[in-house]
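First the structure, in the form of structure tokens, and then the observations on it.
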Amino acid sequence: MFSRRVWFVLGLGLLSALVLAACGGSKEGTEETATASGGGCKPSKSVETAYDKAWEQGEQALELTKLEIPKTELCEVDTSKWQKEEPSGGYKIAFAAQGPTNSWAAENEEAFKTKAGELGVEELYASADGDATKQVDNIQQLASQEPDAMVVVPMGSSITGQVKAATAQGIPVVACAGTIAPSSGVVSTVTRSYELQGRLWAEWIAKQIDGKGRIAMISGIAGVPTAEYPKKAAEELFAEKYPEIEIVSKQYDDWSPTKAKTVAASLVSKNLDAIWSDSSFTALGVYEAYKEAGRPVPPVTGDASNAYLKAIQNADVKFALSPFPPEMSTQCLETAISILKGEPVPNFVNVEAPAFTDKEKEKYLRPECSENLWIPTKLSDEELKSLKLCE
Amino acid sequence: MSTAVATTARARQRPRLDFSRVARSGLATWIVVAALVLGLTVHDASGFWTTGNIANVLTAMVVLGLVSVGQNVVVLTGGIDLSVGSAATLTGLLAAIMIDGYPERAIPVVIAVLAIGALIGVGHGLLIARVKLPPFVVTLATFFILQGVAFMITSSPTGQVTKNLSNFALEKTGFFPHAFIVLIVAVALVAFLLYRTALGRNVYAVGGDSEAARSNGVPVTSTLVWAYVVCGLLAAAAGIMLAARATIGSPTAGQGLELSAIAAVVIGGSSLMGGRGTLVGTVGGVLLFALIETSFTLLQIEATLNDLIRGLVIIAAAAIFVSKDDR
């Protein structure tokens, strides 16, 4: 009796609230195109050229005939409002990082730290442990220490509001190795374009199977932008250009080689012509699952790790890898410094990194280095040794 | 000889510092909190006692505090709610999607989302009290179901809360974050419910011994349902705060909250067997977590030590303060 009453009251409350919510009204502005520059972002040919360069390299390396570049708003941000004379102890730059939860992040953070040391920057670090909820607090904590600028490796969309609060406080924010909604007011985004990654892999897959066949898509972590956006870009491309490609299965593997192998093992019987994936963790799992099953490995995509190249170095596997270089954090830091010096910066820096296929595997393989190395790397031999990545 | 024995016996009966009693009162956690505050003050007084840092600590308490207070009520009944993180994720996502930037929708949507949280609680309560399924199994299932529903709705950010709502979640006056008011109100209401109403007494009675409570006329079913309703309601409130702080809806916003909430409740001296624990202790546990989290950034402690230190604090608090018969 009691529970029926509770159900009734709650149900009625919910219904009334939803009816009230559905009543009209006007929507607040989304500020989708706004940046912290307050409108000081002017079109720039050099920014567009730099953006396109990464696409062109990918197109050539993967021997694609025409890689369509989706329309993106590109401009050069006037940063004079954040110009600040360098203090005697150097600029204080906050780094809201992922935290050393995997080898990619460890390399990303070490590269930032090393570069900060070289440039005489005081680094203010916070680790999110890969958790977006924690990063929300991190950003607030870093902002309260009044840094000159902040670099954020976004863990998820839930940090948008806190980034907005930081930019409103007058701190220029650079989004690094990921994107944050433009409404957050980030000054510049430094990453390898998600659309580039997603489309590049998709076009290469389509080419391998002549635009028709059965494929699977395996992405990293559900809901995480780094996994979702390339996947979305690839799905759109398949739907628009290749209606004869049937996506048999869409899975997540949490960027874990073990889980990737389990997921791939479940796909072996599906007679796939190719597998689109966003990571070499996945590519490795696919290789191992098919090898164990005694079946030929279908063409596969991913980013570039030494672990994958070491595993397949003597195998006949078709693949296309497009790196997501961890040391892009150094470019993020340089962009933050440019902002503080009042130099114009692109609103989007499309990080260049050479995409390659199985034809060039010997060129990129680093046999003397560990599986944890992400390739190709710009870190010096000393840095790689100090990180215990190479002998 | 006999005098000596009597003296020894009296000495044994002298009141001593009883850690179990201190733990049960919930004050033990506050001793750890005080020690940590003292340590931070000695180490970096100018950094720790800034208005900005105090605001950081208080802000870090809000979302975790809401889910922990709800979890505390459920734990007092001898249950557990593993779904609070997923419930917060789903309700926060729904709030952002349904509000979608329309100020007129904010209040009715907040009410609707709170009702959804309460409905989740009703479902939990009925499955546990009526169908007699173990709380762990029920809430583990809904942990996956609610997260699954969130991913079915969207796997990428969507929706938009209103400026007023996000301003409320993000703004502060001096050291006081406005969002902290929500936690104060929630704690006050739950304290009233636990310590000033028959329902509160019933919660403790059911958690202590549900069969004995039943034979003494305590309405066990409705008590359990209400406990899970409170928990679901507060998880939804946490979800709304997450969405307000993010300004948009995220399908992953509340992930991981459940473990932190359970840890805060346990550190606060509550028995996972039910029937014992205080709100004061749980709030202390939440404050302890907030202090630890903010200290990492404030003191620039090596990130690789994060989990280690957090784990050591939990085990130390449990080893010292949690009563042996609670383990």
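From the list A:222, A:265, A:260, which residue is within 14 Å of chain B (Cβ to nearest Cβ) and modelled with pLDDT under 95? Checking each option against the conditions leaves just A:222. When the residues of region B:200-221 are filtered to those that are over 19 Å from the mean Cα position of the chain (by Cα) and touching a residue at least 24 places away in the same chain (Cβ under 8 Å), which remaining residue is nearest to the other protein chains (Cβ to nearest Cβ)? Of everything passing the filter in region B:200-221, B:221 is nearest to the other protein chains (Cβ to nearest Cβ). Summed over region B:275-295, residues that are buried (at least 23 other Cβ atoms within 10 Å of the Cβ) and assigned to a loop (DSSP other than H, G, I, E, B) total 1. Out of region A:284-325, which residues are among the small types (Gly, Ala, Ser) and either outside any loop (DSSP other than H, G, I, E, B) or surrounded by fewer than 16 Cβ atoms within 10 Å (Cβ to Cβ) (or both)? Within region A:284-325, A:285, A:289, A:293, A:294, A:302, A:305, A:307, A:311, A:315, A:320 meet the criteria. Residue count for region A:110-136 satisfying the condition of being of a type outside the set (A, V, I, L, M, F, W, C), part of a helix (DSSP H, G or I) and at the interface with chain B (Cβ under 8 Å from one of its Cβ atoms): 2. Does any residue of region B:119-130 turn out to be within 30 Å of residue B:214 (Cα to Cα) and basic (Lys, Arg)? Taking every residue of region B:119-130 in turn, at least one turns out to be within 30 Å of residue B:214 (Cα to Cα) and basic (Lys, Arg). Residues of region B:152-184 being at pLDDT 95 or above and part of a loop (DSSP other than H, G, I, E, B), which ones? The answer is B:178, B:179. Among the criteria (1) touching a residue at least 24 places away in the same chain (Cβ under 8 Å); (2) under 17 Å from residue A:322 (Cβ atoms); (3) part of a helix (DSSP H, G or I), the one residue A:81 does not fulfil is (2). For region A:364-391, the tally of residues that are assigned to a loop (DSSP other than H, G, I, E, B) and either in the same structural domain as residue A:104 (by TED's automatic domain parsing) or of a type outside the set (D, E, K, R) (or both) stands at 12. The set of residues in region A:339-363 that are under 24 Å from residue A:377 (Cα atoms) and assigned to a helix (DSSP H, G or I) comprises A:358, A:359, A:360, A:361, A:362, A:363. Of a type in the set (Asp, Glu), farther than 14 Å from residue A:216 by Cα and over 19 Å from the mean Cα position of the chain (by Cα): is that true of residue A:246 in this structure? It is false that residue A:246 is of a type in the set (Asp, Glu), farther than 14 Å from residue A:216 by Cα and over 19 Å from the mean Cα position of the chain (by Cα).
The values are calculated or read from the model by the stated rules, or taken from the named source; none is laboratory data. Fair warning: this is a prediction, and the values are worked out from it, not measured in the lab. Cβ coordinates were reconstructed from backbone atoms using ideal geometry, including for glycine residues, and neighbour counts include every protein chain displayed.
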